[in-house]
1. Using only the alpha carbons, work out the radius of gyration and Dmax of segment 1-113 in angstrom.
2. If you roll a 1.4 Å probe over the chain with all protein chains in place, what percent of the accessible area is carbon or sulfur?
3. Over the chain, what relative contact order in percent results from Cα pairs under 8 Å that are six or more residues apart?
4. Relative to the present Cα-Cα distance, how much length would full extension add between L47 and Q99 at 0.36 nm per residue of separation?
5. Q110: net charge of surrounding residues, Cβ under 11 Å, Lys/Arg +1, Asp/Glu -1, itself excluded?
6. Solvent-accessible area per residue for the chain at a 1.4 Å probe radius, Å²?
7. Could you tell me what percent of the DSSP beta bridges with both partners in the chain are antiparallel, to the nearest 5?
8. Residue-wise, which Karplus ³J(HN,Hα) couplings in Hz belong to segment 45-62, taking 6.51 cos²θ - 1.76 cosθ + 1.60, θ = phi - 60°, and x for glycine or proline?
Amino acid sequence: QVQLVESGGGLVQPGGSLRLSCAASGIIFSIYNMAWYRQAPGKQRELVAHIHSSGTTTYAYSVKGRFTISRDNAKNTVYLQMNSLKPEDTAVYFCNAYQNLNSYWGQGTQVTVSS
């Protein structure tokens, strides 16, 4: 079956960095578009970054210039490098794989930015 497993979350001070990973199995990873979403307490889930199967990337305005999404098709893994983290980046971060009508989600990883 399809599995998306996120890792790399944790507690970091403002201005710090984290790299999230999402390892996929059960899909032909290279043809799937991949995305990172986040959900803060009491808020709706929001798109953070997206990478097309072609490698084209897009970012939410709030993270542009600070976050970088990338993928390694040989490892079936998508990454989110997060730099200059702010307290408002605190959320559960979810990995999403989608292609045509198929969409799969990971279980999420907590990122907390606090001093």
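The values are calculated or read from the model by the stated rules, or taken from the named source; none is laboratory data. What you are looking at is a predicted structure, and each value in this text was computed from that prediction instead of being measured. Cβ coordinates were reconstructed from backbone atoms using ideal geometry, including for glycine residues, and neighbour counts include every protein chain displayed. The area values use the complete protein model at the heavy-atom level, side chains included, leaving out ligands, DNA and RNA. Shrake-Rupley method; radii C 1.70, N 1.55, O 1.52, S 1.80 Å.
1. 13.2, 39
2. Details: 3010 of 6110 Å².
So the carbon and sulfur contribution to the accessible surface is 49 percent.
3. 36
4. That works out to 17.1 nm of additional length.
5. Net local charge, Q110 excluded: 0.
6. 53
7. 95
8. Karplus values, whole Hz, x for Gly and Pro: 5, 10, 6, 9, 7, 9, 10, 6, 4, 7, x, 5, 10, 9, 9, 5, 4, 5.
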